[in-house]
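Structure first, then comments.
The values are calculated or read from the model by the stated rules, or taken from the named source; none is laboratory data. This is a predicted model, so every value here is computed, not measured. Cβ atoms come from the backbone with ideal geometry, glycine included; neighbour counts cover every protein chain shown. Calculation scope for accessible area: heavy atoms of the full protein, side chains included, ligands and nucleic acids excluded. Shrake-Rupley method; radii C 1.70, N 1.55, O 1.52, S 1.80 Å.
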Amino acid sequence: MKDRQKLLLTTLKDRNFLTISDLAKVMHYSASTIRRDLKELENNGLVQRIHGGALVLKPNEIETPTTIKQHINLTEKKYIAALASGYVENRQNIFLDSSSTANILAKNLAAFNDLNISTTNLETAIYLNLHTQNKINVIGGSMIDTYSSSMITARNLRDYVFDISFMSCRGFSLEYGVTDKVESESSLKHTLIECSKKLVLLIDSNKMGLIFPYRDCKLSQISAVVTDKKPAKKYSKLFEKNNVEVVY
């Protein structure tokens with residue numbers, strides 16, 4: 001590893017997350033040089049590049065921390081959350097997954113009454129408890145970052161029946177459908193399908209075409225897809241074939 005790359009890693013560790021422009025200023029190198037170094041460090045599993053910046057990955061960390069995900073594609077996520085709230089009705093039993101998009105959706109639920117809301121995301125649960133008059137349930141299990149995701153979580157989830165469940169994913173493709181990066185999260189969604197009368201997928205358009213190691217569900221098991229813009233024709237045809245409503 002070059003001395004410059006060692007310095008880059010040290011700088012990121014001190015600050016947690018920095019944009020490329022900030023790194024260029026701090027280190028006194030060009031943005032193009034920083035980009036090349038970040039790409040090499042990412043290939044070696046030391047950092048993760050995220051929309052104009054990067055963060056250092058901790059040992060065994062394969063998922064972007066929640067504090068970072070909350071700021072990625074924020075405009076798109078707010079738009080999707082606003083559309084998704086149109087599926088909510090008073091007195092429903094609702095599940096919100098651990099995703100940052102579901103966390104934003106939670107901020108739209110104060111307008112509803114007598115909801116029974118369950119989630120695996122501790123931050124989502126705390127917000128809902130403080131800012132709404134609805135009943136809030138935290139589905140427990142071993143924690144990853146700010147949410148529970150384990151075999152215990154899946155076992156606890158089986159005790160519920162939801163009128164509607166909102167979930168996100170890391171990728172969607174024609175070949176493999178809905179996929180995820182973390183095995184425990186994908187397994188949890190398998191259980192969620194069994195517990196939900198209606199399943200709504202929240203996915204921003206940047207995830208279309210991406211494939212990750214773990215398959216969440218078949219497209220035919222999803223009731224609706226909520227996204228930020230009209231999907232490409234090849235995806236629209238697939239949604240129509242599987243009777244999936246698309247909202248954008």
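Would you point out which residue out of 82, 110 is farther than 21 Å from residue 223 by Cα and open to solvent by 40 Å² or more (accessible area, probe 1.4 Å)? Step through it out loud before you land on a result.
Numbers: 82 fails: farther than 21 Å from residue 223 by Cα.
So the residue among 82, 110 that is farther than 21 Å from residue 223 by Cα and open to solvent by 40 Å² or more (accessible area, probe 1.4 Å) is 110.
Within the set of pairs 6 or more residues apart or between chains, which connect a residue that is within 19 Å of residue 225 (Cβ to Cβ) inside segment 81-107 to a residue that is charged (D, E, K, R) and not in a loop (DSSP other than H, G, I, E, B) with Cβ atoms less than 6 Å apart?
100/69; 101/77; 104/77; 104/78
Name the single residue that is farthest from the chain's Cα centre (by Cα) among those in segment 37-75 being surrounded by 19 or more Cβ atoms within 10 Å (Cβ to Cβ) and at pLDDT 90 or above.
Filtering first and then ranking leaves 37.
Residues being touching a residue at least 24 places away in the same chain (Cβ under 8 Å) and loosely packed, with under 15 Cβ neighbours inside 10 Å: count how many of those fall in segment 127-147.
Qualifying residue count, segment 127-147: 1.
Do we have any residue at all in segment 151-162 that's under 23 Å from residue 193 (Cβ atoms), surrounded by 21 or more Cβ atoms within 10 Å (Cβ to Cβ) and acidic (Asp, Glu)?
No, there is no match, as no residue in segment 151-162 is under 23 Å from residue 193 (Cβ atoms), surrounded by 21 or more Cβ atoms within 10 Å (Cβ to Cβ) and acidic (Asp, Glu).
Does any residue in segment 227-238 that is free of Cβ contacts under 8 Å to residues at least 24 places away in the same chain come within less than 9 Å, Cβ to Cβ, of a residue that is among the hydrophobic types (A, V, I, L, M, F, W, C) six or more places away or on a different chain, and which pairs are these?
230/246; 236/246
Checking residue 195 against (1) among the hydrophobic types (A, V, I, L, M, F, W, C); (2) open to solvent by 50 Å² or more (accessible area, probe 1.4 Å); (3) touching a Lys or Arg at 6+ places or on another chain (Cβ under 9 Å), which single condition isn't satisfied?
The one condition residue 195 does not meet is (2).
Considering (1) at pLDDT 95 or above; (2) out of contact with any helix residue (DSSP H, G or I) (no Cβ under 7 Å at 6 or more places or on another chain); (3) over 22 Å from residue 139 (Cβ atoms); (4) crowded, with 19+ Cβ neighbours inside 10 Å, say which one residue 201 fails and leave the rest.
(3)
Considering only segment 189-226, state which residues are out of contact with any Leu (no Cβ under 8 Å at 6 or more places or on another chain) and β-branched (Val, Ile, Thr).
200, 203, 211
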